[in-house]
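All remarks here apply to the structure that follows.
The values are calculated or read from the model by the stated rules, or taken from the named source; none is laboratory data. Everything quoted here is computed from the prediction, not taken from an experiment. When we count neighbours, we look across all protein chains shown, and the Cβ atoms used for this are built from the backbone with ideal geometry, even at glycine.
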Amino acid sequence: MTRICQFFILIVTTGFLFLSQTSTAQVDDAHFGISSLHNQNAAFLDEYNRTVILHGLNEMNKRAPYRPDAIGFDLKSMQFFNTYGFNAVRLGVFWAAIEPIPGVYNFSYLDKIKHTIELLKDYGIYTLIDFHQDGYSSKYNNGLGAPVWAALSPTEEGVKPGFPVNLFGGQDGISLVTDRNYEFFWTNQSGPGGRDLQNYYFDMVKVVSRFFLHTSGIMGYEIMNEPFPGVTWSTCYDEKTKFSAGCPQFDINFLSPFYSSFVSAIRSVDKDRIVFYEPNVFFDSGSPTFVMAPKDNNIGFSFHNYDNDDPKQVFDYARQHVAATTSVPFMTEFGAALADTSQLTELVEMADQDQLSWLEWAYTNNPGFKFAHFPKIPDDQRDQGIVYDATLPLEGNNVKWDRLRVLSRVYPQVVAGKIREYQFVFTSKVFTLRYDIKNAAGQSISSNPYSKIFIPRFIYPLGYKIKVEGARVVETPDKNVLILKNKTESNAVSLIIFPV
């Protein structure tokens, strides 16, 4: 008798309503393999129009050769993701690595990235390709992202601290070199050969999207990580309210047109994958955004939440922005320096309330460039990762188990319908899920009416009970997942999982 069947008997004896007959058919990968995702009414839908929820981590190598496999992101890491229920990764790629010389592209680098993406797909993990930058470029300013030839600011006198302090030029004698580099990019100054910087960027993006056009496992592209206004940052700042007013002039006049041009560039090559845009970096700590969503049907809003004082504020602003657009929200960074697991728990539980997919920062955090001391951020960058060093065995002190046990939680990975609500309460270990049989597009799902709920083994060491209405449980050899199949006569499904 299977373990699931034992739970059925236990549920029956306690008088709960449950399925009247169990399917013993095994569910193969065809029901839950990696497929293309698209945005429908601010939700991720797969090729069967089922709702998909993504939980995952960031991984990127911030030093040459800029490949995650070079810092231990290999099969054992992917098995780690799979074991703890992470079905997505935000994989950083860098303009400096892709185009080290103007107009000359490093296809060997892209081929290595492609190999990593294909391995991730084999483990059921979606890849979000993130065109990453922090502090623009390594030239003069202890940042990374753009190639040195695209950093047009001349060297300037003044203090040149590490990231992120180097962003705030003009304050306390800090050099303006970083801010000038951003200014030249946002105002689209001429680079080598007289070509505009942004045109170089868009051409690079087209090369990348063309290279990966037929590579399965890629869910989408993120335009730029944490865009910073540059020299105009001080216009967003007030001594009393800090950055609470946001940066409307930068968002409207520079960031929004850049995003629209980016989408046009990538759509000239890739018509289908989701393209994600970010608000400016101050949104991450509770500032409003005035960025306008690019006009496209398959757009995502990628945002970060590092507001330690009021993380709810970031969720509120994200919710307001999504309500005014057609964008699907995706919290692609949070956590990082949070040593307090209670706040980490609060963040993921608030994400559940909004049915948000998320990617925590980070699986590992490679110390790839000079990092300045900053409040609430550990001086050793590697302490921001769940794993300290991926080249070492993933055991003992090399893993932050307390944080991992918050992030590895019960959640619905695939739902054959439109989710009404779901929640996993960390303290009680009770999980609830309710969904309508019709999906976010208002369509009935008949070709693949299976849902998958991830259940970490450590959550229920003595087993768990279930109560389900509107669906039946399908037996699977993987005890980390619960599979439901919609009943044809049902309009909605409800599920409760709780400890024995």
For ALA390, are the conditions met, namely being crowded, with 17+ Cβ neighbours inside 10 Å, in contact (Cβ under 8 Å) with a residue 12 or more places away in the chain and more than 30 Å from ASN448 (Cβ to Cβ)? yes
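Conditions (1) of a type in the set (Gly, Ala, Ser); (2) assigned to a loop (DSSP other than H, G, I, E, B); (3) in the same structural domain as TYR435 (by TED's automatic domain parsing); (4) within 29 Å of ALA96 (Cα to Cα), marked per residue:
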| residue | (1), (2), (3), (4) |
| --- | --- |
| HIS321 | no, no, no, no |
| GLU333 | no, no, no, yes |
| LEU338 | no, yes, no, no |
| THR345 | no, no, no, no |
| LEU359 | no, no, no, yes |
THR364 fails exactly one of (1) hydroxyl-bearing (Ser, Thr, Tyr); (2) buried (at least 21 other Cβ atoms within 10 Å of the Cβ); (3) in contact with a helix residue (DSSP H, G or I) (Cβ under 7 Å, 6 or more places away or on another chain); (4) outside any loop (DSSP other than H, G, I, E, B), namely (4)
Pick from ILE455, ILE419, ILE437: which is within 30 Å of GLY72 (Cβ to Cβ) and crowded, with 17+ Cβ neighbours inside 10 Å? ILE455
Check region 226-238 and report whether any residue there is at pLDDT 95 or above, in a loop (DSSP other than H, G, I, E, B) and in contact with an Asp or Glu (Cβ under 7 Å, 6 or more places away or on another chain). yes
Subset of region 186-200, residues in contact with a Phe, Trp or Tyr (Cβ under 7 Å, 6 or more places away or on another chain) and surrounded by 18 or more Cβ atoms within 10 Å (Cβ to Cβ), comes to TRP186, GLY191, LEU197, GLN198
Per the filter on region 282-319, residues touching a helix residue (DSSP H, G or I) at 6+ places or on another chain (Cβ under 8 Å), touching a residue at least 60 places away in the same chain (Cβ under 8 Å) and not in a strand (DSSP E or B) are ASN308
Complete set of residues in region 425-434 that are in a strand (DSSP E or B) and either buried (at least 21 other Cβ atoms within 10 Å of the Cβ) or basic (Lys, Arg) (or both): PHE431, LEU433, ARG434
Filtering region 158-170 down to residues that are closer than 20 Å to LYS376 by Cα and part of a loop (DSSP other than H, G, I, E, B) yields PRO161, GLY162, PRO164, PHE168
When residues of region 436-464 are limited to those that are at pLDDT below 95 and basic (Lys, Arg), the one farthest from ASN82 (Cα to Cα): LYS438
Just one of (1) surrounded by fewer than 19 Cβ atoms within 10 Å (Cβ to Cβ); (2) at pLDDT 95 or above trips up GLY170, so point out which. (2)
Among the residues listed as SER264, SER234, SER244, SER216, the single one being within 21 Å of the chain's Cα centre (by Cα) and small (Gly, Ala, Ser): SER216
Selection within region 371-395 - part of a loop (DSSP other than H, G, I, E, B) and of a type in the set (Phe, Trp, Tyr): TYR388
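Quick check on region 148-157: of everything there that is modelled with pLDDT of 90 or more and surrounded by fewer than 22 Cβ atoms within 10 Å (Cβ to Cβ), which residue is farthest from the chain's Cα centre (by Cα)? So that I can check it myself, show each step before the final result.
Keep residues of region 148-157 that are modelled with pLDDT of 90 or more, which gives 148-154.
From what's left, surrounded by fewer than 22 Cβ atoms within 10 Å (Cβ to Cβ): 148-149, 152, 154.
Numbers: VAL148: 28, TRP149: 30, LEU152: 31, PRO154: 35 Å.
Filtering region 148-157 for residues that are modelled with pLDDT of 90 or more and surrounded by fewer than 22 Cβ atoms within 10 Å (Cβ to Cβ), the one farthest from the chain's Cα centre (by Cα) comes out as PRO154.
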Restricting attention to region 264-274, and to residues there that are surrounded by fewer than 21 Cβ atoms within 10 Å (Cβ to Cβ) and out of contact with any helix residue (DSSP H, G or I) (no Cβ under 7 Å at 6 or more places or on another chain), which single residue is farthest from PHE44 (Cα to Cα)? SER264
Failed condition for PHE426, given (1) at pLDDT 95 or above; (2) not small (Gly, Ala, Ser); (3) not assigned by TED's automatic domain parsing to the domain that holds PHE73: (1)
Entirely in region 41-157, the strands (runs of 3 or more DSSP E) that have 2 or more residues that are more than 17 Å from PHE212 (Cα to Cα): 55-59
Kindly indicate which of ASP352, ASP402 is crowded, with 17+ Cβ neighbours inside 10 Å, acidic (Asp, Glu) and in a helix (DSSP H, G or I). ASP352
Provide a single number: the residues in region 46-56 that are closer than 16 Å to ILE437 by Cβ, buried (at least 23 other Cβ atoms within 10 Å of the Cβ) and not β-branched (Val, Ile, Thr). 1
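Looking at region 401-424 only, could you name the residues that are farther than 21 Å from LEU484 by Cα and touching a strand residue (DSSP E or B) at 6+ places or on another chain (Cβ under 8 Å)?
The answer is ARG403, LEU407.
For every residue, the table says whether it meets (1) without any contact (Cβ under 8 Å) to a residue 40 or more places away in the chain; (2) of a type outside the set (Phe, Trp, Tyr); (3) within 15 Å of ALA390 (Cβ to Cβ).
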{"site": "TYR48", "(1), (2), (3)": "no, no, no"}
{"site": "LEU54", "(1), (2), (3)": "no, yes, no"}
{"site": "PHE86", "(1), (2), (3)": "no, no, yes"}
{"site": "VAL89", "(1), (2), (3)": "no, yes, yes"}
{"site": "TRP95", "(1), (2), (3)": "no, no, no"}
{"site": "PRO102", "(1), (2), (3)": "no, yes, no"}
{"site": "HIS115", "(1), (2), (3)": "no, yes, no"}
{"site": "GLY135", "(1), (2), (3)": "no, yes, no"}
{"site": "SER138", "(1), (2), (3)": "no, yes, no"}
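Name the residues in region 213-225 that are in a loop (DSSP other than H, G, I, E, B), out of contact with any Leu (no Cβ under 7 Å at 6 or more places or on another chain) and surrounded by 21 or more Cβ atoms within 10 Å (Cβ to Cβ), would you?
Listed by number, the residues that qualify are ILE223, MET224, ASN225.
Only one of these is within 30 Å of ASN87 (Cβ to Cβ), in contact with a strand residue (DSSP E or B) (Cβ under 9 Å, 6 or more places away or on another chain), at pLDDT 95 or above and surrounded by fewer than 21 Cβ atoms within 10 Å (Cβ to Cβ): LEU120, LEU128, LEU110. Name it.
Residue meeting the stated conditions: LEU110.
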